[in-house]
Each structure stands twice: as C-alpha cells, then as structure tokens.
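*Asks:* Below are the structure tokens for one structure; questions will follow.
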Amino acid sequence: MKLRILIYLLSTLFFLTACEKKETQVQESEETQLLAIDTLTIPNSTQGLKPSLRLTPKAQEAVKNWSLYQNISKRLDSLQGVSLGTLKNQLATLIATFDGQGEAAEEIVDLTPDNLETPAINARLLTVETKLKIVNNYAQKGDPNPEEIALTIVDLKNAFQNLNLQINEKFSLTVEEILKQLDQEITDPADSIEQEKPIPKGKPPVKIFKTNQ
C-alpha cells in the first residue's frame, strides 16, 4: 500500500514538473515570437495620400501653444519607415495625449484654444482620434500586416490634413467680409483712383505765354 502511494506521489510530481516546463517553453516561444513581430518594418506608403497642407501664418500662431496639435504634427511622420515596436510606442503616446485631453475636458480644463473651439474643428479632431485608434488596432493584431497598417496610417494623415484645412478656414476671410471690402472700394473710389494715377517722371513741360502788342 505504501509503495502504491509512493509511486502515485512520484508520478504526480513528474507530471506537474513536465507541465510547468512545457508552460515555460510556451511562454518563451511566445515572447520570442512577439520580439520577432516587433522588428517588422512599416513601409512608407503614399497610396491615396493627400498633398501636404501648410497652415497660414494666422493659423500657425493660433496652434503654437496647442500641445495636442503639436504632438500629433511632430509624430505623424515617424509612424512609417520604422519597426512595429517603435510604431506601437508612438501610438501609445498619441493615444495617451488624447485620453489626457478627454480627462481635462471632464475636469473643465480647456486644452483647446478658445479661438479654435468650433464644431467643424472638433469634428475633424474626433476623426483624427478615431483613425489613430484604428491604426493601433491593426498594430496590436497577433499577425499584423505591415502594408495594411501603412494604409491606415495614410488615412490618419489625410484626417490630419482635413483638420489643417478647417483650421485655415477658421482664419480666412468669409464671403461677407470679402463683399464688405468690395463695397467699401465701390463707395469710396477716390482713394483707389488716386493710387492708380501714374507718378510723373522727368521735368514738367515749360509753357511760354505771348504778350499782346
């Protein structure tokens, strides 16, 4: 009886040891696989990419202290031509920035400049955040596709260009303002006529008056 118990205990011990060893090997294999995946390079894709849109001087002045915008602008170009591991780190930083923006909004701390708080700009900003999280979802896949990720990054960049467009339009002249300027020129043409007069060059002609004899 004692011999049977001893054999049972030894068998159980061997079984548990084997299971633990197998689990360790599986974990090491998974870690090695993850490291190999993170070395994948995300290609630079321009398929469907919109031309780069620069901000006007007034718009640049408006966003210079907007930390959320500046973080996105500086990191967008570093999302391609890098390893998957680097991409994940960049995405984590950007997503954390957006999450911080959301927390600040809940605490009534305004992180968006007052002169940029418009429905159109907020809508484009929300689209940028959505595209960013889509890229992150593709990057976190167990079997990520670099080309597929690159295309989603193009969508993210295009969303940022649309945000730039709305910011520029915020500081551009409205149709009413343009018409007002035209009305002023029509109602007060004297200034414009005076400006259009050619500047005389050289000496003025000499007039000779004849005396009556």
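*Asks:* Based on the mean of other Cβ atoms within 10 Å per residue, sort peptides 124-137, 40-53, 58-71 so the most packed one is first.
*Replies:* 124-137, 58-71, 40-53
*Asks:* Multiply the residue gap between residue 66 and residue 126 by 0.36 nm, knock off their C-alpha separation, and tell me the result in nm, one decimal place.
*Replies:* Full extension from residue 66 to residue 126 adds 20.0 nm.
*Asks:* Okay, moving on. Tell me, in nm to one decimal, what length is gained between residue 165 and residue 78 on full extension, where the rule is 0.36 nm per residue of separation less the Cα-Cα distance?
*Replies:* Result for the pair: 29.2 nm of gain on full extension.
A short reminder: the numbers here are calculations on the coordinates, not readings from a lab. Note that this is a predicted model, so its numbers are computed, not measured. With ideal geometry, Cβ positions are generated from the backbone for all residues, glycine too; neighbour counts draw on all protein chains shown.
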